[in-house]
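Have a look at the structure below before the remarks.
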Amino acid sequence: MSTSPSQRMKIGDFLLRRLEEAGVRHLFGVPGDFNLELLQQLDDAGRLRWVGTCSELNASYAADGYARLNGLGAVTVTNAVGALSAINGIAGSYAEHVPVILIAGSIPLRSVERGLGMHHTTADGTWDRFLGAFAHVTAAQARLTPHNALTEIDRLILTAWREKLPVYMELPSDIAYLDIEVPAAPLMLEEPPSDPERLQSCAAAIAGHLSDARSPAILVDEDVDRYGAAAEVMQLAGKMQLPVAVTGPAKAVIDETFPQYAGIYNGKASEPRTREAIEESDCLLSLGYRPIDGTSGDFTASLPADTIRARGHSVDIGEDNYQAVTLKQVLRSVIDAVPQVTNRPTRQAAAAPAGTHADGSAKLTQAAYWEAVQGYLRPGDVLLTDNGTSYAIFGFRLPPNCTVVASVIWGSIGYSVGALLGTLTAAPDRRHLLFIGDGSFQETAQELSTMLRNDCKPVIFLINNGGYTIERGYMGKTAHYNDIATWAYADLPKVFRPDTTARSFVVKTVADLHSALSAPNDTLVFVESVMDPFDAPAAVIHSSNNGAELDYGPRGPQHRENMQLQPAT
Ligand SMILES: Cc1ncc(C[n+]2csc(CCOP(=O)(O)OP(=O)(O)O)c2C)c(N)n1
Ligand SMILES: [Mg+2]
C-alpha cells in the first residue's frame with residue numbers, strides 16, 4: 001500500500017495549486033457565474049495572479065503569448081459563451097504547438113444529472129456540445145467530477161506540457177468547493193525518459209549520416225523552441241560546423257548572430273545562400289519541419305533525399321522509425337557521438353542592404369520605416385508581429401537573445417495584441433515591441449486598455465494605411481472591402497486610460513519617426529505611422545500575389561486590370 005502523504009483540499013484549490021506547481025503564475029480570462037467560485041478561491045489563496053481581459057478571445061491569445069515565454073499558460077472563461085469566444089485562440093495554440101490550459105467554468109453537475117435547462121446552453125437538454133467542439137482543437141478534454149478531479153487535473157496539465165498542445169477542462173460550478181484527498185507531493189513536469197536502446201541506436205544513426213555527409217545541414221521549426229532544444233541545436237551545429245536554417249515560425253529560435261545561422265528557409269522565397277545550404281545538402285537534419293505554403297515557398301521546397309526527420313518524441317531515418325525518444329535527449333546523444341569539425345567551408349551571409357538615407361522631411365515609406373526600426377532593436381527584445389505588411393520583421397537581422405512571437409501558421413489577425421499582454425505578463429523585465437497594421441489592430445484593440453491598466457510598457461508600432469494592404473496584393477487593390485474605418489489610433493491610450501502617462505506619436509515623415517524612436521521606454525510608447533495603402537515591402541507583395549494564384553487558380557479574378565497591388569517595376 002502507498003504511504004505517500006496526502007491531504008484534504010478543495011477541488012478548485014487543488015487545481016490552482018497544480019497550476020502553480022507547473023509554473024503558471026497568472027490566470028487570464030473573463031469572469032462569469034460559472035467560474036466566479038474558482039476566482040474567489042484564487043483570491044482567497046493568493047496563489048496565482050488574476051489578469052482580467054476585455055474578451056475571451058484576447059484572453060486565449062494572451063495565454064498563448066504567455067505560454068510561449070513561460071512554457072505553459074492558463075485561461076478561464078465561463079460556459080460556452082466564453083469558451084466559444086476563446087476557441088479561435090485555442091485552435092491557434094493547437095496549430096502553433098503552444099501548451100495552454102483552458103478552464104471553462106461550466107454548469108453545475110446538479111443540472112447535468114437532473115436535466116435542468118440552464119443559461120449559456122442551447123436549452124435542448126444537451127451538455128456535451130462544447131466538450132465535443134474542443135475535442136477537435138485540443139489534445140485532451142475532461143469534465144471534472146469529484147471522482148475524477150485528482151487524476152484528470154494532472155492528466156490534462158501533463159498532456160498540455162508534454163505534447164505542447166492546448167487542453168480543455170470543464171469545472172462544474174458546484175464542485176470547486178468540495179474536498180478531495182490529494183497528494184502532498186508537487187506535480188513534476190518531466191518528460192518520460194527515452195528508451196535507452198532506441199536512443200542509442202537513433203543517435204548513432206544520425207551521427208553516422210551527419211559524419212558521412214559532405215555538406216550536412218539542420219532545418220529548425222518551431223518545435224525546437226517548444227521542446228527547449230535550441231541550445232542543443234547550436235551546440236551540435238557548432239561542433240560539426242553545420243549551417244542551421246529556420247522556418248518563419250521559428251525565427252529567432254536560433255540566435256541570428258550565431259556563426260552557423262543560415263537564414264530563413266522558405267523554398268524559392270529563401271535567400272540563395274539559405275536555399276543552397278538546405279537543398280544542396282546531402283544530409284539534412286530536419287527538426288519538426290511542417291511544410292505549409294508559408295514555410296515551403298508555396299510548395300517549392302525540395303529537401304534532400306537523405307532527410308532525417310526528428311520530432312518531439314520520434315525520429316525517422318530512411319526506413320527506420322524510432323519511438324520512445326525525446327528531441328533534447330536525441331540531440332545531446334548526437335552531440336556526444338559526432339567528431340569535432342574544424343575545417344568545413346562556410347557560406348558567407350549576404351551583406352546588409354545599404355541604407356537609403358531618406359530625406360527627413362519626406363513622406364514616410366515602408367522602406368524607410370523598416371530601415372529605421374531595424375536600428376531601434378536591442379539585444380533581448382521580444383518582437384511580436386501580426387499579419388500584414390508588418391511581416392517585414394521577418395527580414396530583420398536580430399541582435400542576440402531576441403524572441404519573435406507570431407502566429408504564422410494559424411494567422412488569425414489581432415492575435416498579436418492579446419499575445420502582447422501575455423508576453424508582457426510573462427517577462428515584464430524585457431522590452432516588448434509590437435508590429436501591427438490598422439486592420440489587425442481593429443480586431444482586438446480593446447486589450448490595449450488591459451496593458452495600460454497593468455502599467456505595461458510595450459512599444460506599439462502601428463501602421464495606419466487605411467485598410468488591408470496585404471490583401472490588396474491578393475485581390476481588390478482599390479476595392480472598398482479592403483478599406484477600413486479611420487481611427488485616431490494614437491489617441492486610444494488616453495481613451496482607454498484617461499490618466500495615462502503613455503507617449504503617443506503620429507508619424508508622417510522620417511524625421512517624425514526618428515523623434516518617436518528616441519522616446520524613453522519608461523512608459524507605454526504608441527507609434528502610429530501613416531503610410532500609403534499601396535506601399536508594401538516587396539516580399540509581402542510577392543507572397544500575396546503568389547497566394548492569389550494558389551487560392552483562386554487560373555480562372556480567378558485576380559488577373560483583371562488593376563486588380564492586384566503589384567511590385568513597383
Ligand atoms: C481573424 C482573421 N480574419 C481575417 C483574416 C484575413 N486577413 C489576413 S491579413 C488581413 C489584413 C491585415 O491588414 P493590416 O493589419 O492593416 O495590415 P497591412 O497589410 O495593411 O499592413 C486580413 C483581413 C485573418 N488572417 N484572420
Ligand atoms: Mg493596414
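Report the full-extension gain for the segment Gln340 to Gln323: residue separation times 0.36 nm, less the Cα-Cα distance, to one decimal in nm.
Stretched fully, the Gln340-Gln323 segment lengthens by 3.3 nm.
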- [ ] Considering only DSSP beta bridges where both residues belong to the chain, give the percentage that are antiparallel (nearest 5).
- [x] 15
Task: Karplus (6.51, -1.76, 1.60) ³J(HN,Hα), θ = phi - 60°, over the range 291-302, in Hz, Gly and Pro reported as x - done: x, 10, 3, x, 10, 10, x, 6, 6, 9, 4, 9
- [ ] Can you send over the solvent-accessible area of Lys239, 1.4 Å probe, protein chains only, in Å² to the nearest 10?
- [x] 50
Task: J(HN,Hα) series, the range 119-125, from Karplus relation 6.51 cos²θ - 1.76 cosθ + 1.60, nearest Hz, glycine and proline x - done: 5, 6, 10, 8, 6, 10, x
Task: Cα-only radius of gyration and Dmax that characterise the range 205-323, units Å - done: 12.8, 36
TODO: Tabulate in residue order the Karplus-calculated ³J(HN,Hα) for the range 402-409, using 6.51 cos²θ - 1.76 cosθ + 1.60 with θ = phi - 60°, rounded to whole Hz; enter x for Gly and Pro.
DONE: 7, 10, 10, 10, 8, 10, 6, 7
- [ ] Hydropathy first: keep DSSP H helices in the chain averaging at least -1.0 on Kyte-Doolittle, then drop any whose Cα extent along the axis falls short of 18 Å, and list what survives.
- [x] 56-70, 81-96, 149-163, 196-212, 538-552
- [ ] Note down the magnitude of the dipole of the range 263-397 about its Cα centre, charges +1 on Lys and Arg C-beta and -1 on Asp and Glu C-beta and zero elsewhere, to the nearest 20 debye.
- [x] 380
Task: List Asp298, Asp532, Asp128, Asp64, ordered by accessible area with a 1.4 Å probe, largest first - done: Asp128, Asp532, Asp298, Asp64
Open item on the list: Which one, Ala485, Phe435, Tyr474, projects farthest toward the positive side of the charge dipole computed for the range 415-523 from Cβ point charges (K/R +1, D/E -1)?
Closed with: Phe435
Task: Distance between modelled label sites at Gln40 and Ser201, nm, 7 Å Cα→Cβ extension - done: 5.8
- [ ] Could you check the simple spin-label distance between Glu280 and His119, using points 7 Å along Cα→Cβ, in nm with one decimal?
- [x] 6.8
- [ ] Of the options Ala67, Pro186, Thr274, report the single residue whose Cα projects farthest towards the positive end of the charge dipole of the chain (beta-carbon charges: Lys, Arg +1; Asp, Glu -1).
- [x] Thr274
Open item on the list: So, for the range 205-330, what is the accessible surface per residue at a probe of 1.4 Å, expressed in square angstrom?
Closed with: 35
Task: Probe 1.4 Å - accessible area at Arg17, Å² to nearest ten - done: 20
- [ ] Would you mind telling me the share, in percent, of accessible area of the chain contributed by carbon and sulfur at probe 1.4 angstrom?
- [x] 52
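What is the chain by shape, rounded, prolate or oblate, if you read a ≥ b ≥ c off the alpha carbon gyration tensor as root eigenvalues and call it rounded for a/c under 1.5, prolate for a/b larger than b/c, and oblate otherwise?
The shape class here is oblate.
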Open item on the list: Not counting ligands, DNA or RNA, and with a 1.4 Å probe, what is His559's accessible surface area in Å² rounded to the nearest 10?
Closed with: 110
Task: Probe 1.4 Å, all protein chains present, accessible-area order of Glu113, Glu256, largest first - done: Glu113, Glu256
- [ ] Mind putting a number on the dipole of the range 41-200 about its Cα centre? Charges go on the C-beta only, +1 for Lys and Arg and -1 for Asp and Glu, and I need it in Debye to the nearest 20.
- [x] 300
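Only Lys, Arg, Asp and Glu count, each charged at its Cβ (+1, +1, -1, -1), so figure out the dipole size of the chain about its Cα centre, rounded to 20 debye.
Here the chain has a charge dipole of around 600 debye.
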Task: Three-way shape label, the range 418-562, alpha-carbon gyration tensor, a/c 1.5 - done: prolate
Task: Extension gain (nm, one decimal) between Thr486 and Ala184, 0.36 nm per residue minus Cα-Cα - done: 103.1 nm
Open item on the list: Give me, ordered by chain and number, the residues 5 or more places off Glu170 or on other chains with an amide H under 5 Å from its own placed amide H.
Closed with: Ala104, Ala142, Arg143, Leu144
Task: Contour excess over end-to-end distance, with Cα ends at Arg155 and Asp359 and 0.36 nm allotted per residue - done: 67.4 nm
- [ ] For Met531, Met563, write out the residues from largest to smallest accessible area, computed with a 1.4 angstrom probe and no ligands counted.
- [x] Met563, Met531
- [ ] For the range 256-339, just say rounded, prolate or oblate: build the C-alpha gyration tensor, square-root its eigenvalues into a ≥ b ≥ c, call rounded for a/c under 1.5, and beyond that prolate if a/b exceeds b/c, oblate if not.
- [x] prolate
Task: At R0 = 25 Å, FRET efficiency that the Cβ-Cβ distance of Asp532 and Glu561 yields, to 0.05 - done: 0.75
Task: Amide H partners (placed H, <5 Å) of Leu434, local residues excluded - done: Leu384, Val459, Ile460, Phe461
- [ ] Could you pull out which residues in the range 198-212 have an amide N less than 15 Å from a spot 7 Å beyond the Cα of Lys239, following the Cα-Cβ vector?
- [x] 200-212
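The values are calculated or read from the model by the stated rules, or taken from the named source; none is laboratory data. Keep in mind it's a predicted model, so treat the numbers as computed, not measured. Glycine also receives a Cβ, built like all others from the backbone with ideal geometry; neighbour counts cover every protein chain displayed. We work out accessible area using only protein heavy atoms, side chains counted, and drop any ligands, DNA or RNA first. Shrake-Rupley method; radii C 1.70, N 1.55, O 1.52, S 1.80 Å.
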